[in-house]
Amino acid sequence: MPTSTTMTIRISDDLNDRLAKLAQDTRRSKSFLAAEALAAYVTREADIISGIQCGMADVTAGRIVPHDAAMNEIDAAIAAAKACKA
């Protein structure tokens, strides 16, 4: 069985009411829903930070494309896509 810990947080009355309604409608506990939401949030934020760190490492290593070159590629792709539709 996985271990767990208890955490106390403060939430607004409105959020508590909405969470209680969601728990009732989904037949889950407020604790379960809060833990699921927190896990999703932490995963998403960690992924964003990891992506930023990778991007910063690319900049440091010189693995970048100048803005004008990137925009030229994008503009060419858009023009090609429009030409296919014509």
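Values quoted throughout were computed directly from the atomic coordinates according to the rules given, and no laboratory measurement underlies them. Since we're looking at a predicted model, the values are computed, not measured. Because the Cβ atoms are built from the backbone with ideal geometry, glycine has one as well, and the counts that use them run over all protein chains shown.
Cross-link partners of residue 21 among lysines, defined as those whose alpha carbon lies under 29 angstrom from its own and excluding same-chain residues fewer than eight positions apart: 30. How much net charge surrounds residue 52 when only the other residues with a Cβ under 12 Å from the Cβ of residue 52 are counted, with Lys and Arg +1 and Asp and Glu -1? Local net charge: -3. Among complete DSSP H helices in the chain, those whose alpha-carbon atoms stretch at least 24 Å along the helix's long axis and whose mean Kyte-Doolittle hydropathy reaches -0.5 are 30-61, 67-85.
Our estimate of slack between residue 8 and residue 38, defined as 0.36 nm per intervening residue step minus the Cα-Cα distance, is 9.5 nm.
Just subtract the alpha-carbon distance of residue 56 and residue 23 from 0.36 nm times their residue separation and send over the number in nm, one decimal. Walk me through the intermediate numbers first.
Values: separation 33, 0.36 × 33 = 11.88 nm, distance 4.09 nm.
That pair, residue 56 and residue 23, stretches by 7.8 nm at full extension.
Pair-distance distribution P(r) for the chain, from all Cα-Cα distances in 10 Å bins starting at 0: 13, 22, 19, 16, 21, 9, 0 percent.
Helical runs (DSSP H, four residues minimum) scored at -39500 (n - 2.57) apiece and divided by the length of the chain put the mean residue ellipticity at 222 nm at -26500 deg cm²/dmol.
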